[in-house]
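Presented below is the structure to which this report refers.
The values are calculated or read from the model by the stated rules, or taken from the named source; none is laboratory data. The structure presented is a predicted model; accordingly, all values stated were derived computationally and were not measured. Methodologically, a virtual Cβ is constructed for each residue, glycine included, from the backbone with ideal geometry; neighbour enumeration extends over all protein chains shown.
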Amino acid sequence: MTVLSIHIPFQEPVVIVTLVLIILLIGPVFFERVRIPSIVGLLVSGAIIGPHGFNLVSPDLEFSLLGTMGLLYLMFLAGLEIDLIDFIENKVKSVFIGLSTFVIPFILGYLVCRYILGYEVVASWLIAAMLSSHTLISYPLLGRLGIINKSIVTVVVGATIIADILALVAMELITNFADKGFEPDSLLLLGFHFLLFFFVVLLLIPRLSRVFLNKYEGDLGVQYIFVLVVLFSSALVAYLLEIEPILGAFFSGLVLNRLIISSSPLYRRIEFIGNNLFIPFFLISIGILANFKVYLNQPVQLVYLFFLIVAAFAGKYFAALISRLFFNISKTETNLVFGLSVSRAASAIAIILIGFNMGFIPEPILNNTVILILVTSISSSYITQRAGKKILFEEENLQGDPKHKQKIIVPLANPSSMEHLLEFASLIKKEDKNVPIYPLTIFTDQSEVRNEIGKNQQKIGEIIKSMHSDLAFEPSSRIDNNVTNGIVRAAEEVVATGIVMGWNQQKTPFHILFGSVLNNLLNKTERMVLVLKTPSSFRQVRKIHLLCAENAQYEKGFNLWIDTLVILVKKLQLKIAVNCNSSQTLEALKHHMQRTGNAKYFEINELESQQEVSNIFRNSSSELLVFVNARKKSISYSKSFEQIMNLTMASFNKNNIVVIYPEQ
């Protein structure tokens, strides 16, 4: 059929892409009005425009290519967004849930296919392998809810990879055995392929990526293209080694995880393009494959489909229930495990297609698999969204009354340290675009202030622009009789929760700074003050040491500075090694961290004496030193601790150092 020189189904790439983009533009608004998750809407849209709907689009090479890119991008984002520290802490849970979500559906699927539906042995094994796999179709929903970094989500992401690896290995073994009989050589070859894959993706690519991203820091276009090269190269390496490319995509996300800070402009652009372009193409491509008309001609297939769907849901639900019994997770978290793991997609299609091409799987099962993918994906979206909202609601109730909004003021004077100070402020800033960071300049000489304000604002504007940050900045300038009064008044006006300031360590020793501006500031404000020595970028940091003064737990701002450091380590994907010679202070730290669920980010080390601290550090830009000091006459002030701190800062000239004075 031809309309205005355009063939239906559409053949011209420009027409196909235009149609899909119109769906992506109008669809979310419509789906939101009728309270349908956007993922469900995209799947249904694919079925409507596909060859078995209005036949507007066929699953040709162009669309298949875009769909494959979307799937690989989805798995890449899952690896990039995973909280590695949380993942390592909960690896036992991930392994257990991964095994249970593989084994239970596998056994149940085989029994249903072999003894209820009467399929052949090999076909039953392959369908069982298909049912044991799952794809994180509803994962983007969690990003919109802001709960991607929840422990249970991290656990399920890890479990997904384990389940999919086992499902694909099972498929490989089943097809090899059915085609050639048992061959130990094929097992050894498969093991060798995995070893070679891990060597390339986990050892070579991270080293190359670190060098490249550091060299082209700030050039977002080049960095983004490099990220895509890493993603698709890893998938290609997996494909060449006869490993499913989605595993290559996931592990490429893992290796870039610590190199791309979660709040960085590069990370935001990766996430934005994936969620708004690549992944929607993949979801529509899945919907296009659905063919409901076959059930009009072969009604008996509805019976087979029904049992497949029951086995698909029951297997994953029982696995989630067993996980709840073993790990005592909540009912809502159990539903989230079930919602994330119930959907099938690429792995399921791959397993059934291979079996179909080898002659083990009859054609009706291929279509039943597509409908199964559609049904489980739609169900997954509803279940995941419902459970995710409930987790978010429970968390808000647990937190009680909302705290004051985090507001950070950054006094700037030295041009050489401005960029690092603003960088640090962005690293300790919560993801709240409604509340900006406040760069501040103070002028005391009114005669030349007009020219100086213009120059300073231009310099600060250039630095903010070069950071390519998605956070909001609100620079301001003040004229005051002295610098300290200007900072204090500005902090009072915006109700700042923290003041970030620096000093030029090459010109002004810390004890001299302490005796002048800083000492006056600490006397005139009770707000938390963070003083920085910044010889290098914080992106070079690979290890963080915290030294805490005795009795720090009795300061009013004890919880605030801990929570501030938690934001820092989450963005840097690092742990903090806590060093203190007071068991009571360490216990208070542990209690707060366990209560807030952040214990995994801290490693506690009790010192016998404060003099041990000099043996802990290396004079290296890769180590960040954080001292929690106190104002004089406060309960946790210690002259000996301050002397050790000053000596350390004088000796370790390559380290970035942060001195925190808690809120009073």
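Somewhere in region 353-374, is a residue closer than 26 Å to Val169 by Cβ and within 21 Å of the chain's Cα centre (by Cα)? No; the residues of region 353-374 include none that is closer than 26 Å to Val169 by Cβ and within 21 Å of the chain's Cα centre (by Cα). Residues that are more than 25 Å from Met171 (Cβ to Cβ), among the small types (Gly, Ala, Ser) and part of a loop (DSSP other than H, G, I, E, B) do occur in region 263-271. For region 631-654, residues that are under 21 Å from Lys575 (Cβ atoms) and assigned to a helix (DSSP H, G or I) total 1. Please work out if Ser285 is in a helix (DSSP H, G or I), at pLDDT 85 or above and out of contact with any Leu (no Cβ under 6 Å at 6 or more places or on another chain). Criteria not met by Ser285. Screening the candidates Leu220, Leu166 for the property of being closer than 20 Å to Phe251 by Cα and in the same structural domain as Ser347 (by TED's automatic domain parsing) yields one hit, Leu166. Scanning region 474-493 turns up at least one residue that is within 21 Å of Met528 (Cα to Cα), buried (at least 16 other Cβ atoms within 10 Å of the Cβ), among the β-branched types (Val, Ile, Thr) and touching a strand residue (DSSP E or B) at 6+ places or on another chain (Cβ under 8 Å).
Filtered by the rule that a residue be under 20 Å from the mean Cα position of the chain (by Cα) and part of a loop (DSSP other than H, G, I, E, B), region 241-262 gives Asn257, Arg258, Leu259, Ile260, Ile261, Ser262. Working carefully through the options Val626, Val566, find the one that is in contact with a helix residue (DSSP H, G or I) (Cβ under 9 Å, 6 or more places away or on another chain) and either farther than 30 Å from Gly486 by Cβ or of a type in the set (Phe, Trp, Tyr) (or both). Of the residues listed, the single one that is in contact with a helix residue (DSSP H, G or I) (Cβ under 9 Å, 6 or more places away or on another chain) and either farther than 30 Å from Gly486 by Cβ or of a type in the set (Phe, Trp, Tyr) (or both) is Val566. Filtered by the rule that a residue be modelled with pLDDT under 90, more than 19 Å from Leu256 (Cα to Cα) and crowded, with 19+ Cβ neighbours inside 10 Å, region 80-97 gives Asn90, Lys93, Ser94.
All but one of (1) buried (at least 17 other Cβ atoms within 10 Å of the Cβ); (2) outside any helix (DSSP H, G or I) hold for Ala238, so report the exception by its number. Only one criterion is unmet by Ala238, namely (2). For region 598-630, the set of residues classified as farther than 24 Å from Arg542 by Cβ and either at pLDDT 85 or above or part of a helix (DSSP H, G or I) (or both) consists of Gln610, Gln611, Asn629, Ala630, listed by residue number.
Where residues in region 50-65 are surrounded by fewer than 21 Cβ atoms within 10 Å (Cβ to Cβ) and among the hydrophobic types (A, V, I, L, M, F, W, C), which of them is modelled with the lowest pLDDT?
Taking the candidates together, the pick is Leu61.
Okay, residues lined up against (1) assigned by TED's automatic domain parsing to the domain that holds Leu240; (2) under 30 Å from Ile567 (Cα atoms); (3) touching a residue at least 60 places away in the same chain (Cβ under 8 Å):
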| residue | (1), (2), (3) |
| --- | --- |
| Gly98 | yes, yes, yes |
| Pro105 | yes, no, yes |
| Ile116 | yes, no, yes |
| Leu136 | yes, yes, yes |
| Thr175 | yes, no, yes |
| Leu187 | yes, no, no |
